[in-house]
Amino acid sequence: MSLTAALARLLNPLVWRSSARSALKLHGFALAEHGSMLDLRLAARLTPSPSRAAAYLRHADDETRHAQMFGKRARQLAREAALARSHAVWDPIRADSEQLFVGLGELDFLAFVHVGEARAIEQFLVYVDYFEARGRERDASLLRTILVDEHRHAAYTRSLLFELAASEAEARRALRRVRRWEAWRSWLRAGRFLAERVYMVAMLLVYVLAAPLGLLVRWARPLTRGWRGS
Amino acid sequence: MANVLGISAHYHDAAAALVVDGEVVVAIQQERLSRIKNDPALPLDAGDACLAHAGLRAQDLDAVVFYERPFDKLERVMVNLMRNLPRTWRQFPRAMASQLGDKIWVLDQLAEAFGQPRAKVHCFEHHRCHAASAHFVSRFEDAAVLVVDGVGEHSSTTLWHGQGSTLRALCSIDFPHSLGLLYAALTAWLGFAVNEGEYKVMGLAAWGRPGHAGLHERFEQLIRLDDDGSYELGLEYFAHMSDAELGFGPKLEALLGPRRPPGRAWKFDEAKDQHYADVAATLQGVIEAALLGLARKAKALTGSANLCLAGGVALNSLANARLAREGGFEAVFVQPAAGDAGGALGAAILDALELGDPRPGPMMSAALGLPVDVARAWAVARELELPIRRVDDPASAAAQLIAADKIVAHVRGRFEWGPRALGQRSILARAAERSTRERINRLIKQREPFRPFAPAVLEPRVAAYFDGQANDMTPFMTTVLPARPDHSDALGAVTHEDGSSRAQTVSVGSAPELHALLTALERGGHAPLVLNTSLNGPGEPIVASSEDALGFFLRHAVDAMIIEDLVIERPS
């Protein structure tokens, strides 16, 4: 069993323990699919090959559909869990693009997408088993439907990767390169997460220390109303 | 003679605009390229695309100009955070991170991104850029200019006098009093996304009863309109001083009722939803009254016969129509990207004028974006195994499809500047049947049922279908016209609940491809008007490139797509 599958199996009870948690997880999947769609649309625009552009467009279309399916199910679960309407699950599905095609180049982009799809397949298979064992047929069925596309995506990206690379060795090097890059990115993200917390604490301290300034500002810069300069 | 690139960014709807020798050559919103709706990111792609379209390199630029003064903005943010202690404790870390970590360095970032010496990167005041974006591309030699938005550096409303190539500041109303932020707060209260759902509020207003059940009196607590044209918000009802996201406080919910849950389906036969519509209608009336007061002040100060409007509030086409009717001006102009994107255009023009270039000619067309790559569209469509063919007369082909009641995605010419699809990246259909509107809504747009679709009509025929004439705003859909009841059979899909239509008048100069299509329709014995809505799915930016167009065709059930002289028809 791969590390991905083992981790997914280990975390299953935590991740899917309630409707609210499940809603959050599926909303996260919806955002990931939407972000992937943006990257694929960009790739379709930038690749010099019309046939690869067509492949990326078909893939992007699937990702849009997946985002909608995950988003819809997430909202159903959020309703069941009576999640507050201010929660992100209710927001339109919007993700940022990492512009991976620009950052990585087409060969590594393909390797990245292939690695991501393969990982998603492993995870989804574990989730399907978990849902089936607990009689959550609706969730199992959702993932089974999406898995059909994920298998196709993993297959075509692998085939394009080996077609585009100068040699099989070059394609494998690209796969290793993006795995290293992904690990480095995870490390940076963890660092950023930690730094954000430290920053928040530091800024709250600054805020408390700046409290006397508040009084000064109210005196020196009172609110204006009506026309200025009339 | 100079090449000047204007940039707006970092709030919402970033954009780049290029002015060459005093003429606006190209202007692009970043969202069209990044495919992220209202993308606020520094528009480097849009800037590069502007340069590439004009055949320039970065070193050919004489200046890069930002639409805001970063340190003035920082000052306002800091003062507001300190003034509202301790309610700003949540906002403080985020605002500081965004200002100190990013926004105040924007001029350096632009210098680096476009390879310019720092001395060539300038900035102008936010509202001055807005005012410039309206006055300098209008046809008026002399105009009062009114800028109304959420907030710039300090001001939320400013009046200007534009004379020839000069723009003189007259007076302003400062943050936190703001019509834009009032509208934003009510947009959030109605359950719509701020900076995105404002059009929905305007559409919803037609379904409501202004002032119903004491709403006028309750709104008097939210905003007081003074006789001198100024206004003042009841700040205790709002939270924009301490909460950048929601904008309203618990007192507003106590006054108007609980906020509407986002995403819930609308049912006007339910009292609750009718109340929300009544609030939207009252808000629309208040905004119009406030703008009329501001217009009166502008008229008194300038004596001008013409009015230009800019800022996000100027995208309220209903209010613009009322200003044109009752504002006391002979003519009113609102350029198509009146919101923050337009600041890029104003910034570029202001710097070009300072460098000695002439004032640009009047904006005749909003087609200031990029064209599609037809050869690429052909090649990719073939790879997608779409039934694509080339035609000699794409306007007639499109007209025949529309006459046969098909829904047609129309991708011709350079894409539009601003939030409106004006025929270059549009979904077009017959305007007659209400069922067409429902079909478009169900299959593609999935909009709320109260939102109207707009018509595009041949300019000389406008009076045949609408009570009114073409004016400075109608080519850009920044105003509305009343639909003529005696032609309701031709306008079933494009007449709003209140009888208005956000009609676009089409001339050869403003949208030549759409003009040819409408002419072909008329030649075929049909009414020379179509339903025209933006070529995008829900939550997506409007299509820009050929790949975007083909991606749209794969995802959405339009009957046909025209990409320049290529036609793709979905088998029935």
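The values are calculated or read from the model by the stated rules, or taken from the named source; none is laboratory data. These numbers were taken from a predicted model, which means no experiment stands behind them. Ideal geometry is used to build each Cβ from the backbone, glycine not excepted, and the neighbour counts take in all protein chains shown. For accessibility, only protein heavy atoms count, side chains too; no ligands or nucleic acids. Shrake-Rupley method; radii C 1.70, N 1.55, O 1.52, S 1.80 Å.
Mind listing whichever residues of region B:174-201 are assigned to a helix (DSSP H, G or I), over 20 Å from residue B:257 (Cβ atoms) and either touching a helix residue (DSSP H, G or I) at 6+ places or on another chain (Cβ under 6 Å) or free of Cβ contacts under 8 Å to residues at least 40 places away in the same chain (or both)?
B:179, B:180, B:198
Would you confirm whether any residue within region B:142-150 is closer than 25 Å to residue B:223 by Cα, assigned to a loop (DSSP other than H, G, I, E, B) and in contact with a Ser or Thr (Cβ under 9 Å, 6 or more places away or on another chain)?
Looking through region B:142-150, at least one residue is closer than 25 Å to residue B:223 by Cα, assigned to a loop (DSSP other than H, G, I, E, B) and in contact with a Ser or Thr (Cβ under 9 Å, 6 or more places away or on another chain).
Collect the residues in region B:152-168 that are open to solvent by 10 Å² or more (accessible area, probe 1.4 Å), out of contact with any helix residue (DSSP H, G or I) (no Cβ under 6 Å at 6 or more places or on another chain) and within 13 Å of chain A (Cβ to nearest Cβ), keeping them in residue-number order.
The answer is B:168, and nothing else.
Tell me which residues, restricted to region A:125-144, are of a type outside the set (A, V, I, L, M) and surrounded by fewer than 19 Cβ atoms within 10 Å (Cβ to Cβ).
A:129, A:132, A:134, A:135, A:136, A:137, A:138, A:141, A:144
Would you check which residues across region B:325-366 are surrounded by fewer than 24 Cβ atoms within 10 Å (Cβ to Cβ), within 18 Å of the chain's Cα centre (by Cα) and either at pLDDT below 95 or of a type in the set (A, V, I, L, M) (or both) and list them?
B:364
Return the residues of region B:114-141 that are open to solvent by 10 Å² or more (accessible area, probe 1.4 Å), in a helix (DSSP H, G or I) and touching a helix residue (DSSP H, G or I) at 6+ places or on another chain (Cβ under 8 Å); say none if nothing qualifies.
Residues satisfying the conditions are B:118, B:120, B:128.
List the helices (runs of 4 or more DSSP H) inside region A:137-230, counting only whole elements, that have at least 3 residues being within 11 Å of another protein chain (Cβ to nearest Cβ).
Helices (runs of 4 or more DSSP H) meeting the threshold: A:168-209, A:211-220.
Restricting the search to region B:76-94, which residues are in contact (Cβ under 8 Å) with a residue 60 or more places away in the chain and open to solvent by 20 Å² or more (accessible area, probe 1.4 Å)?
B:76, B:83, B:87, B:90, B:91, B:94, listed by residue number.
For residue A:100, only one of the following conditions fails: (1) over 30 Å from residue A:168 (Cβ atoms); (2) buried (at least 20 other Cβ atoms within 10 Å of the Cβ); (3) modelled with pLDDT under 95. What is its number?
Residue A:100 satisfies all of (1) over 30 Å from residue A:168 (Cβ atoms); (2) buried (at least 20 other Cβ atoms within 10 Å of the Cβ); (3) modelled with pLDDT under 95 except (1).
How many residues are assigned to a helix (DSSP H, G or I) and within 19 Å of residue A:161 (Cα to Cα) when one looks only at region A:24-78?
21
Can you tell which of A:46, A:10 is open to solvent by 60 Å² or more (accessible area, probe 1.4 Å), of a type outside the set (D, E, K, R) and more than 10 Å from chain B (Cβ to nearest Cβ)?
Matching residue, one of A:46, A:10: A:10.
I'd like the full set of residues that are open to solvent by less than 10 Å² (accessible area, probe 1.4 Å) and within 14 Å of chain A (Cβ to nearest Cβ), limited to region B:8-27.
Answer for region B:8-27, where residues must be open to solvent by less than 10 Å² (accessible area, probe 1.4 Å) and within 14 Å of chain A (Cβ to nearest Cβ): just B:14.
Output the residue which, of all residues in region A:84-136 that are of a type in the set (Ser, Thr, Tyr) and touching a residue at least 12 places away in the same chain (Cβ under 8 Å), is farthest from the other protein chains (Cβ to nearest Cβ).
Here the answer is A:130.
Condition check ((1) among the aromatic types (Phe, Trp, Tyr); (2) away from every other protein chain (no Cβ under 12 Å); (3) more than 16 Å from residue B:241 (Cβ to Cβ)) across all residues:
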| position | (1), (2), (3) |
| --- | --- |
| B:75 | no, no, no |
| B:82 | no, no, no |
| B:87 | no, no, no |
| B:91 | no, no, no |
| B:97 | no, no, yes |
| B:112 | no, yes, yes |
| B:121 | no, yes, yes |
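If only one of A:17, A:73 is more than 11 Å from every other protein chain (Cβ to nearest Cβ) and open to solvent by less than 40 Å² (accessible area, probe 1.4 Å), which one is it?
Going through A:17, A:73 in turn, just one is more than 11 Å from every other protein chain (Cβ to nearest Cβ) and open to solvent by less than 40 Å² (accessible area, probe 1.4 Å): A:73.
Of the numbered conditions (1) under 23 Å from residue B:311 (Cα atoms); (2) open to solvent by 20 Å² or more (accessible area, probe 1.4 Å); (3) touching a strand residue (DSSP E or B) at 6+ places or on another chain (Cβ under 9 Å), residue B:251 satisfies every one except a single condition; which is it?
The number of the failed condition is (1).
Across region B:228-249, what is the number of residues that are of a type in the set (D, E, K, R) and without any contact (Cβ under 8 Å) to a residue 24 or more places away in the chain?
1
Filter region B:500-549 for residues that are away from chain A (no Cβ under 14 Å) and of a type in the set (D, E, K, R); which is nearest to residue B:195 (Cα to Cα)?
Across region B:500-549, the extreme among qualifying residues is B:502.
Show me the strands (runs of 3 or more DSSP E) entirely contained within region B:440-541 in which 2 or more residues are at pLDDT 95 or above and over 24 Å from the mean Cα position of the chain (by Cα).
In region B:440-541, there are no strands (runs of 3 or more DSSP E) which contain 2 or more residues that are at pLDDT 95 or above and over 24 Å from the mean Cα position of the chain (by Cα).
When you look at residue A:86, is it farther than 30 Å from residue A:177 by Cβ and at pLDDT 95 or above, yes or no?
Judged against the criteria, residue A:86 is not a match.
Among the candidates B:69, B:32, single out the residue that is of a type in the set (D, E, K, R), in contact with a Cys (Cβ under 9 Å, 6 or more places away or on another chain) and in contact (Cβ under 8 Å) with a residue 40 or more places away in the chain.
Every option except B:69 fails the conditions.
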